[in-house]
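The values are calculated or read from the model by the stated rules, or taken from the named source; none is laboratory data. Note that this is a predicted model, so its numbers are computed, not measured. Note that each Cβ is placed from the backbone with ideal geometry, even for glycine, and that neighbours are counted across all protein chains shown. Heads up: the accessible areas ignore ligands, DNA and RNA and are worked out on the full protein's heavy atoms, side chains in. Shrake-Rupley method; radii C 1.70, N 1.55, O 1.52, S 1.80 Å.
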Amino acid sequence: MRTAFKGIFTLGIIACGLGWFLSAPSYLAPNDFSELSGDVANGEQVFHQSGCASCHAAPTAVGEAKKLLTGGQHFKTDFGTFIAPNISSSSIHGIGAWSVLEFTNAVQKGVSPDGRHYYPAFPYTSYVRMKTADVVDLYAYMKTLPASETPSQTHQTSFPFNIRRGLGLWKQLYLNDAPVLSISNDTELERGQYLVEGAGHCSECHTPRNPIGGLKKDMWLAGGPNPDGDGKIPNITPDGTGIGSWSESEIVDYLKTGFTPEFDSVGGSMVAVIENTSRLPDADLSAIAKYLKSVPAIPTQ
């Protein structure tokens, strides 16, 4: 009996050690930044592509006030309620004291400057596909925005989801910088893929998830439960139950104006998305439309 207990105890220690090793944060290499200085003008475009203000502006902010990234919006999920943090240029409560390396590790690796895993309510599983140069440009632009001295609020999570180290194991399954779909050698299509799969993080709402929060990539962009709790997020594949009847130009118009081909107006959380996409150049909107029309058509479930 004693020998069996020792064996089980030893296996437990080994399993814990292996789990601790596998759940450790991973980081970008510092030399990836050696020739990047940051382009503020492009950073502003990346800011709109990525929808930073949609989550990190104050809940009641409108217009120019959305550039004050004070945080505070609540996002209720099956794993707890996550509260968007202050990511303004404040050196105390925001990201003002962060280095560009720390910022990029946060955006693309989901790791805080003090080495904690961020919850994937922050869509780094999409941002990991962004170009490092674009993230550096985003950092340069965000440093020009006003500072908010409002402290970030604590997420409302319970056991076991309050143990952030476990997210390292989750990342082993779902943090991958490879493109989701294989596409032909087409510059415009590749740009659309980059915006949809990366900076635009469209899949984070438009693709259903499994019980542990991973995206079901075999249902890519086929719609899913509304993370706000009401109704469903629509299917945006070219299936008849999605946007199959929409032309590329109608998709572009929708992303610019918020009006569907049937002249319905956008609602819910998509209002904030249109505020961002309406600021993008027509070439980017056309690339997004071309990509959306090229993905596999999947019926709404």
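Note on segment 192-250: residues that are open to solvent by 30 Å² or more (accessible area, probe 1.4 Å), part of a helix (DSSP H, G or I) and in contact with a Ser or Thr (Cβ under 9 Å, 6 or more places away or on another chain) total 6.
Which one is modelled with the lowest pLDDT among residues in segment 21-54 that are polar (S, T, N, Q) and open to solvent by 70 Å² or more (accessible area, probe 1.4 Å)?
SER34
The set of residues in segment 165-191 being in a loop (DSSP other than H, G, I, E, B), over 19 Å from GLN108 (Cα atoms) and of a type in the set (D, E, K, R) consists of ASP186 alone. In segment 56-92, the residue that is nearest to GLY213 (Cα to Cα) out of those that are open to solvent by less than 50 Å² (accessible area, probe 1.4 Å), aliphatic (A, V, I, L, M) and in a loop (DSSP other than H, G, I, E, B) is ALA84.
When we screen GLY63, GLY51 for residues that are within 20 Å of LEU280 (Cβ to Cβ) and without any contact (Cβ under 8 Å) to a residue 12 or more places away in the chain, the only hit is GLY63.
Put simply, of ALA140, ALA97, ALA133 the only residue that is more than 25 Å from SER203 (Cβ to Cβ) and surrounded by 16 or more Cβ atoms within 10 Å (Cβ to Cβ) is ALA140. In segment 262-279, the residues that are in contact (Cβ under 8 Å) with a residue 24 or more places away in the chain form Cβ pairs under 9 Å with partners that are among the small types (Gly, Ala, Ser) and surrounded by fewer than 16 Cβ atoms within 10 Å (Cβ to Cβ), at six or more places apart or across chains, as follows: GLY268/GLY231.
Do you know which residues across segment 244-258 are out of contact with any helix residue (DSSP H, G or I) (no Cβ under 7 Å at 6 or more places or on another chain) and of a type outside the set (D, E, K, R)?
If we filter segment 244-258 for residues that are out of contact with any helix residue (DSSP H, G or I) (no Cβ under 7 Å at 6 or more places or on another chain), which is where we start, we get 244-247, 249-250, 253-254, 257.
Within segment 244-258, GLY244, SER245, TRP246, SER247, SER249, TYR254, THR257 meet the criteria.
So which of GLY240, GLY200, GLY258 ends up being over 21 Å from the mean Cα position of the chain (by Cα) and within 18 Å of GLN49 (Cα to Cα)?
Just a single option satisfies the conditions, and that option is GLY258.
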